[in-house]
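Following: one structure in structure tokens, then a few remarks.
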Amino acid sequence: MTDKETERAPEARLDPRYSDEDATAISWPAAEALLSSAELFWISTVRPDGRPHVTPLPAVWAHGALHFCTGPDERKAKNLAHNPNVVLTTGTNTWDKGYDLVVEGEAVRVSDDGRLRELAAAWETKYGEFWRFEVREGYFHHGPGHAVVFALAPRTVFGFGKGEPFSQTRWRFV
């Protein structure tokens, strides 16, 4: 973790309204580890007419942000061009075990080829050879298509511990 990322590390705040009496907040490094290891995320964007759009995608945690990619003509890319506010969620589809995370913030396009090469290597390391990207001219290239890459540095993150004890933790970045 760089000095800049260390400065951004928030304090975990357990919300007693939504947490069992004996619950404790997990640390931000523990939440980061969950974000880093999660394979599937759900992205929520807003269409220009205000309707929500939600779809699954892979993402990589690097440099204090979640990174995701999409084709420039896909609905989520069009939505982000209109409104960069986004939510990425990950967790489990169980009621009483696991930990869910909700990351809120603003998606910012990554177009520096050096940084994109680093992210492309991270994608392949995490997801395997299928997710091998070439990088050129500010885009990921895969097969006949290309993709824009976005970074989502958290503004607020919510964590939901499920099972005994249930908990809700909030991390706020300012």
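Given a 10 angstrom Cα cut-off, can you work out which residue in Thr125, Thr45, Thr156 is the most mobile in a GNM of the chain? Result for the chain, Cα springs under 10 Å: Thr125 fluctuates most.
Dividing the convex hull volume of the alpha-carbon atoms in region 101-166 by its residue count gives 116 Å³ per residue. Label-to-label distance for Glu137 and Asp112 is 2.2 nm, based on points extended 7 Å past Cα in the beta-carbon direction. Shown are Lys162, Lys97, Lys78, whose ranking by accessible area with a 1.4 Å probe and every protein chain present, most to least, is Lys97, Lys78, Lys162. Kirkwood radius, region 18-58, all distinct C-alpha pairs, inverse of mean reciprocal distance: 13.1 Å.
In plain terms, the bigger the Kirkwood radius, the slower the diffusion; for the chain, with that radius from Cα pairs, at 37 °C and 0.692 mPa s, Stokes-Einstein puts D at 193 µm²/s. Once the Kirkwood radius over Cα pairs is known for region 53-156, the Stokes-Einstein relation at 10 °C and 1.306 mPa s delivers a diffusion coefficient of 110 µm²/s. The C-alpha atoms of the chain define a longest principal axis, and helix 113-127 lies at about 60 degrees to it.
Once both labels are positioned 7 Å from their Cα atoms along Cα-to-Cβ, the gap between Glu11 and Arg172 label points is 1.1 nm. Among residues other than Phe166 with Cβ under 12 Å from its Cβ, the summed charge is -4 (Lys and Arg +1, Asp and Glu -1). Reachable aspartates and glutamates from Lys162, Cα under 16 Å, same-chain residues fewer than 8 places away excluded? By straight Cα distance, Lys162 reaches Asp15, Asp20, Glu21, Asp22, Asp96, Asp100. Heavy-atom accessible area for Asp96, with the other protein chains in place and a 1.4 Å probe, reaches approximately 90 Å².
The values are calculated or read from the model by the stated rules, or taken from the named source; none is laboratory data. What you see is a predicted model, and the numbers here were worked out from it, not measured in a lab. Cβ sites come from the backbone with ideal geometry, for glycine too, and all protein chains shown count toward neighbours. Just the protein is used for accessible areas: all its heavy atoms, side chains included, with ligands, DNA and RNA removed. Shrake-Rupley method; radii C 1.70, N 1.55, O 1.52, S 1.80 Å.
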